[in-house]
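Here's the structure we're looking at; comments come further down.
The values are calculated or read from the model by the stated rules, or taken from the named source; none is laboratory data. From a predicted model like this one, the values you see are computed outputs, not experimental measurements. For accessibility, only protein heavy atoms count, side chains too; no ligands or nucleic acids. Shrake-Rupley method; radii C 1.70, N 1.55, O 1.52, S 1.80 Å.
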Amino acid sequence: VKQNKGKFERVVLHRNEFNTGNVSKNANIAFSYARGTYFKLLGGDDLLLPDFCTATVQVLSNSPECDAVFTDMYCVDPEFRINEQINVDDRFITETIPENIDLLFMRLMRGNILPAPSQLLRSKMVKELNGYNEDNQYEDYDFWLKMCRNKKKIKVIYQPYVLYRRSANSLTSY
């Protein structure tokens, strides 16, 4: 961080005074500092590929009705060697008509298919939905369900732009 401090004018580093032990609470704290059009959570063990921002921002910029975008990911081992590609498995969610949000909700009720490390969200939507549920440790899955219940529109880029590091300590295993 110190080494790159001068490169990023609008990046704010915030450290909690103590470990909250709650991913959802940490997400809400991070969001309270966010001032941009978009909001992105990223785990400390995941990496964005170089074109992630360009690709995802372009989708949201060209689709004002869209509230969130997801991408496919590469799953990597602890040394960041690619093991497999993780694809969002329900292709119907590329459509943004309300009927498909209902189908996505029904599919999500069977299990999470939206890879959290690959999301880019509109900040105004996160604010409108009052952020993440701090009673739920799995902030992403609960938030995707909340998005569907509120008829928020999403798109998917079927190309990997994220390296998701899977380890024995991972909370989820896409």
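Sequence gap at least 6, Cα distance under 8 Å: using those rules, report the relative contact order of the chain to the nearest whole percent. Spell out each step's value before the answer.
On the way: 254 pairs, mean separation 64.2, N = 174.
Relative contact order, the chain: 37 percent.
Per residue, what accessible area does the stretch 110-164 have, given a 1.4 Å probe and all protein chains present, in Å²?
43 Å²
Which semi-axes, in whole Å and largest first, does the equivalent ellipsoid of the stretch 100-149 have when worked out from the alpha carbon gyration tensor as the square roots of 5 times its eigenvalues?
The answer is 17, 13, 11 Å, longest axis first.
If you roll a 1.4 Å probe over the heavy atoms of the protein chains, what accessible area per residue do you get for the stretch 1-84, in Å²?
Values: 5900 Å² over 84 residues.
Heavy-atom SASA per residue in the stretch 1-84 reads 70 Å².
Expressed as a whole percentage, what fraction of the accessible surface of the chain belongs to carbon and sulfur atoms when a 1.4 Å probe is rolled over the protein heavy atoms? Intermediate results must be reported in sequence, preceding the final value.
Working: 5180 of 10420 Å².
Carbon with sulfur: 50 percent of the solvent-accessible area.
How do F143, F105 stack up against each other in accessible area, from largest to smallest, with a 1.4 angstrom probe?
My answer, sorted largest first, is F105, F143.
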